[in-house]
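Report on one structure; see the data block that follows.
The values are calculated or read from the model by the stated rules, or taken from the named source; none is laboratory data. What you see is a predicted model, and the numbers here were worked out from it, not measured in a lab. Please note: Cβ atoms are built from the backbone with ideal geometry, for glycine as well, and neighbour counts cover all protein chains shown.
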Amino acid sequence: MARRSTKTPPPDDFEERILDIDVVDEMQGSFLEYAYSVIYSRALPDARDGLKPVHRRILYQMNEMGLRPDRGYVKCARVVGEVMGKLHPHGDASIYDALVRMAQPFSMRLPLVDGHGNFGSLGNDDPPAAMRYTECRMASATSLMTESIDEDTVDFSPNYDGQEQEPAALPAAYPNLLVNGASGIAVGMATNMPPHNLGEVIAAARHLIKHPNADLDTLMRFVPGPDLPTGGRIVGLGGVRDAYEKGRGTFKIRATVTVENVTARRKGLVVTELPFTVGPEKVISKIKDLVGSKKLQGIADVKDLTDREHGLRLVIEVKNGFNPEAVLEQLYKLTPMEESFGINNVALVDGQPLTLGLKELLEVYVDHRFNVVRRRSEFRRTKRRDRLHLVEGLLTALVDIDEVIRLIRSSENSAQAKERLIERFSLSDIQTQYILDTPLRRLTKFDRIELESERDRLQDEIEKLTVILESDTELRKLVSNELAAVAKKYGTDRRTVLLESAGPAVGAVPLEVSDDPCRVLLSSTGLLARTVTGDMTFDVDAKRVKHDVIVSAVPATTRGEVGAVTSLGRLLRISVIDLPQLPETAAAPSLSGGAQLSEFLTLEDGEELVCLTTLDESSPGLALGTEQGVVKRMVPDYPANKEELEVITLREGDRIVGAVELRTGDEDLVFITNEAQLLRYPASQVRPQGRPAGGMTGIKLGEGAKVISFAAVDPATDAMVFTIAGSHGTLDDSVATAKLTPFDQYPRKGRATGGVRCQRFLKGEDCLTQAWAVPAPVRAADAKGSPVELPEVDPRRDGSGVPLTKSVAALAGPV
């Protein structure tokens with residue numbers, strides 16, 4: 001079956017015309033028209049107010065809606081709908097995206113919209129909420145953009161359907177393009193401008209107003225570089241100067257990072273500022289990818305601790321044994337913690353896209369501001385002249401008000417009254433109509449005084465406006481003063497640090513910490529730390545600080561291990577690299593920056609750390625003394641595959657009261673008991689034994705006596721014995737007495753003997769509560785680590801003590 005044609009046949013008089021058009025010319029013309037539409041209507045900002053059409057329409061419509069900073073918030077959907085329906089013939093998504101960006105403090109140096117709700121996060125890691133949830137109003141500084149827009153300061157043009165009017169540019173009371181920057185991709189060109197500091201830009205603009213021939217170097221004294229909302233550090237200022245001179249240049253932005261002790265055992269890199277447009281999630285994701293592919297070493301963990309109270313805080317924990325500075329250089333190289341920013345200052349000038357330098361951008365803005373202030377002054381002068389004309393007419397009528405009333409009453413109608421008043425008083429048509437419209441209550445004596453005052457004020461204002469319009473100097477002065485007021489009110493300190501260079505190159509600092517010699521220190525309050533090898537002696541008269549009583553110190557290497565001997569006879573390994581490092585000091589070394597030993601060792605209930613020791617098997621070994629009077633010299637035997645070793649087999653109820661690593665083997669071993677007996681004999685009298693051995697008798701104890709102190713003292717050095725007597729083991733300061741005696745006052749005796757008396761008890765005293773034998777000079781501390789002053793030296797071996805003013809918890813000599 002044949003199909004019937006539905007085409008309407010052409011009329012009989014139809015004449016077919018076919019035009020031959022070169023496809024190249026058609027494509028070229030169409031493309032240029034499309035490109036110009038994108039450039040002018042969408043992608044590029046105007047150099048005068050720094051806004052693209054969509055941003056300008058949003059701000060203008062918010063101003064028309066009365067959404068000023070002192071008014072309440074309204075839903076963003078309402079603003080988007082008004083802009084889309086009246087001015088912007090595009091989708092709501094593009095309008096809302098533009099509105100959101102103007103409300104983000106991390107995108108704009110001086111936000112133009114005051115947002116209420118979720119407007120997204122840095123790097124768009126957390127996208128903004130839908131416009132039906134968020135609210136907005138004009139920001140405080142936005143009123144400066146639309147200020148005096150109703151005073152014929154800018155040109156208006158029809159909107160897309162010709163039913164509304166929209167401004168071609170906003171008055172812009174500050175250089176918005178430089179302050180907030182811009183970015184956009186057009187057809188065949190793009191713009192990318194960084195934000196700057198408001199105060200710096202206005203200072204440069206004011207200088208240019210006063211000195212129109214100022215060169216770039218002079219202007220850069222005021223604007224040395226961009227000032228990004230997210231802070232950071234700009235490194236390499238050569239590209240910045242190129243951009244300010246030619247309109248194009250490149251610079252690098254680095255995150256702001258500090259090296260801190262994030263835990264007691266680890267250092268970390270704390271990031272408080274990231275490069276512009278980079279969010280923490282992007283950095284964390286990249287670090288995890290690099291660590292997983294083993295392209296980045298030394299990272300233990302990454303934590304995002306950002307909150308509203310502290311702002312951005314990204315903590316990157318560095319593994320022990322790696323230099324944080326070297327790890328940071330790797331992060332700069334491999335992650336978005338260092339980003340390049342390409343400046344491309346393309347903006348519209350008289351509808352044409354141009355690449356502008358710093359001076360050109362300031363000149364375009366300043367010329368725009370001159371034009372705005374000139375048109376505003378002309379508008380205000382015209383308004384005041386019109387008002388003055390009416391006031392003068394009314395004053396003329398008031399001179400002979402009776403005649404005016406007679407003429408009006410005797411007239412047939414208002415038209416005749418109007419003609420007669422014009423003829424009688426030589427008034428204009430406008431003045432006469434105003435007189436006729438004025439109610440009789442305005443014709444009092446008081447109103448006449450007011451009118452005369454208003455006339456004088458209007459004449460004065462007209463005169464001032466005329467001076468501005470006729471004097472280029474006064475116009476420039478006014479514009480400069482207005483800019484200065486804006487800077488004073490809205491100016492803020494610079495956030496971005498400018499650096500000439502990036503510092504040391506990658507590889508200048510070794511990635512891993514070298515195995516340098518160091519010392520491991522233990523304070524009386526249980527703090528552990530390591531420090532570089534140096535002269536660790538101190539001046540007795542030096543200023544005292546907390547934690548300066550170091551009860552144990554051993555040489556080590558940074559990547560090595562040391563042993564910790566406990567009161568239960570255990571030796572535990574400690575990795576030196578895990579310990580916090582302290583700087584070398586010339587006076588008393590302080591462990592205030594150390595970490596508690598509980599961070600490195602797990603001790604049982606009642607177990608205490610007695611001393612530190614090297615794990616050097618070439619040393620003379622450890623000397624141990626127990627509460628029950630046992631002494632042992634342990635043969636140095638430290639198998640590398642064991643984290644915990646037994647250094648002595650203790651008898652039931654016994655415990656180690658003192659341990660020391662012998663340096664030469666010629667030291668004297670010293671026992672002090674609670675019965676105030678001191679025994680001193682050479683370490684050579686004690687035969688070295690293996691680790692499981694239980695030792696031998698070190699001192700002969702009386703019934704109920706026990707050892708309270710054990711030490712090893714080099715007889716070739718000066719040493720002191722410090723004892724504290726009390727009652728039944730109490731540490732009450734009111735009954736305790738102490739005695740400080742030179743060590744050489746106590747003679748040597750044989751091993752396993754009773755020794756000699758070291759302090760005579762006073763009334764109410766029956767035992768020693770604490771005792772020490774240490775090299776001189778000595779220092780004492782209380783339980784909190786605070787310094788304690790010691791009594792004068794008593795040369796008597798068995799003399800009595802003097803009252804203590806403060807309890808002593810630890811005593812130590814130089815280390």
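Tabulated results
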| read-out | value |
| --- | --- |
| Strands (runs of 3 or more DSSP E) (entirely within segment 247-309) containing at least 2 residues that are within 30 Å of Pro226 (Cα to Cα) and charged (D, E, K, R) | 248-254, 299-304 |
| Test: residue in segment 150-170 that is of a type in the set (A, V, I, L, M, F, W, C), more than 23 Å from Pro353 (Cβ to Cβ) and touching a helix residue (DSSP H, G or I) at 6+ places or on another chain (Cβ under 7 Å) | no |
| Flag if Glu646 is surrounded by fewer than 17 Cβ atoms within 10 Å (Cβ to Cβ), assigned by TED's automatic domain parsing to the domain that holds Pro787 and not β-branched (Val, Ile, Thr) | yes |
| Test for Val315: is it hydrophobic (A, V, I, L, M, F, W, C) and either buried (at least 19 other Cβ atoms within 10 Å of the Cβ) or in contact with a Ser or Thr (Cβ under 7 Å, 6 or more places away or on another chain) (or both) | no |
| Segment 735-778 - residue that is charged (D, E, K, R) and farther than 24 Å from Asp718 by Cα and, of those, surrounded by the fewest Cβ atoms within 10 Å (Cβ to Cβ) | Lys763 |
| Residue within segment 645-661 that is outside any loop (DSSP other than H, G, I, E, B) and over 29 Å from Asp744 (Cα atoms) present | yes |
| Answer residue from segment 718-736, given it is under 54 Å from the mean Cα position of the chain (by Cα) and modelled with pLDDT of 90 or more and is nearest to Gly764 (Cα to Cα) among those | Ile724 |
| Residue selected from segment 685-712 under the condition assigned to a loop (DSSP other than H, G, I, E, B) and among the aliphatic types (A, V, I, L, M), by the criterion farthest from Leu811 (Cα to Cα) | Ala693 |
| Residue count, segment 117-165 (criterion: assigned to a loop (DSSP other than H, G, I, E, B), touching a residue at least 60 places away in the same chain (Cβ under 8 Å) and in contact with a Gly (Cβ under 6 Å, 6 or more places away or on another chain)) | 1 |
| Residues of segment 241-271 classified as within 30 Å of Ser598 (Cβ to Cβ) and in contact (Cβ under 8 Å) with a residue 40 or more places away in the chain, total | 13 |
| Residue match in segment 17-34 (condition: out of contact with any Pro (no Cβ under 8 Å at 6 or more places or on another chain), modelled with pLDDT of 90 or more and either of a type in the set (A, V, I, L, M, F, W, C) or farther than 17 Å from Met131 by Cα (or both)) | no |
| Filter result for Arg495 (part of a loop (DSSP other than H, G, I, E, B), buried (at least 16 other Cβ atoms within 10 Å of the Cβ) and at pLDDT 90 or above) | yes |
| Selection within segment 416-453 - crowded, with 16+ Cβ neighbours inside 10 Å and closer than 30 Å to Arg375 by Cβ | Gln431, Gln433, Tyr434, Leu451 |
| Filter result (loosely packed, with under 15 Cβ neighbours inside 10 Å and farther than 17 Å from Val54 by Cα) within segment 156-177 | Gly162, Gln163 |
| Members of segment 314-360 that are of a type in the set (Ser, Thr, Tyr), part of a strand (DSSP E or B) and closer than 30 Å to Gln297 by Cα | Ser340 |
| Unmet requirement for Met108, which otherwise passes all of (1) in a loop (DSSP other than H, G, I, E, B); (2) surrounded by fewer than 19 Cβ atoms within 10 Å (Cβ to Cβ) | (2) |
| Residue in segment 290-312 that is surrounded by the most Cβ atoms within 10 Å (Cβ to Cβ), counting only those that are within 21 Å of the chain's Cα centre (by Cα), at pLDDT 90 or above and not acidic (Asp, Glu) | Leu312 |
| Some residue of segment 719-735 being among the small types (Gly, Ala, Ser), closer than 21 Å to Val660 by Cβ and either touching a Lys or Arg at 6+ places or on another chain (Cβ under 9 Å) or in contact (Cβ under 8 Å) with a residue 12 or more places away in the chain (or both) | yes |
| Qualifying residue in segment 599-608 (condition: closer than 30 Å to Pro742 by Cβ, assigned by TED's automatic domain parsing to the domain that holds Ala736, in contact (Cβ under 8 Å) with a residue 60 or more places away in the chain and surrounded by 16 or more Cβ atoms within 10 Å (Cβ to Cβ)) | no |
| Residues satisfying the stated conditions in segment 798-815, i.e. surrounded by 21 or more Cβ atoms within 10 Å (Cβ to Cβ), in a loop (DSSP other than H, G, I, E, B) and modelled with pLDDT of 85 or more | Gly801, Val808 |
| In segment 630-667, the residues that are of a type in the set (D, E, K, R) and more than 48 Å from the chain's Cα centre (by Cα) | Lys632, Arg633, Asp637, Glu646, Arg651, Glu652, Asp654, Arg655, Arg663, Asp666, Glu667 |
| Filter result for Ile343 (on the phi < 0 side of the Ramachandran plot and either surrounded by fewer than 20 Cβ atoms within 10 Å (Cβ to Cβ) or at pLDDT below 90 (or both)) | no |
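Table: residues versus (1) more than 18 Å from Asn345 (Cα to Cα); (2) in contact (Cβ under 8 Å) with a residue 60 or more places away in the chain.
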site	(1), (2)
Pro224	no, yes
Arg233	yes, yes
Gly239	no, yes
Glu281	yes, yes
Ser293	yes, no
Ile299	yes, no
Arg313	yes, no
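Matching residues to (1) among the polar types (S, T, N, Q); (2) in contact (Cβ under 8 Å) with a residue 40 or more places away in the chain; (3) out of contact with any Leu (no Cβ under 8 Å at 6 or more places or on another chain):
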residue	(1), (2), (3)
Thr769	yes, yes, no
Pro795	no, yes, yes
Gly799	no, yes, yes
Thr805	yes, yes, yes
Gly813	no, yes, yes
